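Enquirer: Dropping a structure here in structure tokens format, bear with me for questions.
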């Protein structure tokens, strides 16, 4: 499995510009929101889900969006989605909770995970992601993200993902 140092070397070797900032560990979006980073870009929520047919999806959406998983399942052509377990997250991508991002797909060499990015992020020029560890964040341009995903053979699928209705 690739670790943070190898990931950053990969980005540099492939001429994919990024900005890096270390910080205290964060486990969820609430803790992430409390960080005061100097990096540009939008923070993203990253979820690993699976369906009953055994298909795995890494979903990237806006930081504060609560997804309607039943609607998202229909968008994916599935009946039901569930969150992957901590063990499954580590087995598939080599990361722990709080460290998930599209950058972890560097460890999905067998192509078991489909990347789905929320259309709400389509026009964002810069993104913030954890680079395999939740003790750092990198800022990556949309173009840089696309180049990275092309290099690791994980093209994204941009989809309209519905939010849960607030009660």
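Enquirer: Report, for the chain, the % of DSSP beta bridges that are antiparallel, rounded to 5.
Expert: 65 percent
Enquirer: When only Cα pairs under 8 Å and 6 or more residues apart are kept, what is the percent relative contact order across the range 66-139?
Expert: 24 percent
Enquirer: Moving on to the next point. Let's test the formula: R0 of 35 Å, r as the Cβ-Cβ distance of residue 23 and residue 66. What FRET efficiency results, to the nearest 0.05? Display every interim value, and only then the final one.
Expert: Numbers: r = 24 Å, r/R0 = 0.70.
That pair, residue 23 with residue 66, gives E of 0.90.
Enquirer: If you don't mind, another one. Under 10 Å, Cα contacts only: if you run a Gaussian network model on the chain, which one of 131, 17, 102 comes out with the highest mean-square fluctuation?
Expert: The residue with the greatest mean-square fluctuation here is 17.
Enquirer: Let me ask another. Only helical DSSP H runs with n ≥ 4 go in: add -39500 (n - 2.57) per run for the chain, normalise by residue count and round the 222 nm mean residue ellipticity to 500 deg cm²/dmol.
Expert: Dividing the helical sum by the residues of the chain leaves -6500 deg cm²/dmol.
Enquirer: Evaluate the relative contact order of the range 4-159 (contact order divided by residue number), counting alpha-carbon pairs under 8 angstrom at least 6 apart; express in whole percent.
Expert: Relative contact order of the range 4-159: 31 percent.
Enquirer: Between residue 75 and residue 110, what is the spin-label point distance in nm, taking each point 7 Å from the Cα along the Cα→C-beta axis?
Expert: 2.8 nm
Enquirer: With 10 angstrom as the radius, rank 161, 35 by how many other C-beta atoms surround their C-beta, starting from the fewest. Present the calculation step by step, with values, prior to reporting the outcome.
Expert: On the way: 161 23, 35 14.
With the sparsest Cβ surroundings first, the list reads 35, 161.
Enquirer: Need the full-extension length gain, residue 88 to residue 34, defined as separation in residues times 0.36 nm minus the C-alpha distance. One decimal, nm.
Expert: Working: separation 54, 0.36 × 54 = 19.44 nm, distance 2.79 nm.
Using 0.36 nm per residue and subtracting the Cα-Cα distance, I get 16.7 nm.
Enquirer: For a footprinting-style exposure proxy, rank 129, 76 by other Cβ within 10 Å, fewest first.
Expert: Taking fewest neighbouring Cβ atoms as first place, the list is 76, 129.
Enquirer: Please give the length that would be gained between residue 150 and residue 51 if that part of the chain were fully extended, namely 0.36 nm times their separation in residues minus their C-alpha to C-alpha distance (nm, one decimal).
Expert: On the way: separation 99, 0.36 × 99 = 35.64 nm, distance 2.51 nm.
Between residue 150 and residue 51, full extension yields an extra 33.1 nm.
Enquirer: Counting other beta carbons within 10 Å of each Cβ, put 96, 143 in order, fewest first.
Expert: 143, 96
Read the figures in this text as sums done on the coordinates, not as results from a lab. Because the structure is predicted, anything quoted here is derived from the model rather than measured. Methodologically, a virtual Cβ is constructed for each residue, glycine included, from the backbone with ideal geometry; neighbour enumeration extends over all protein chains shown.
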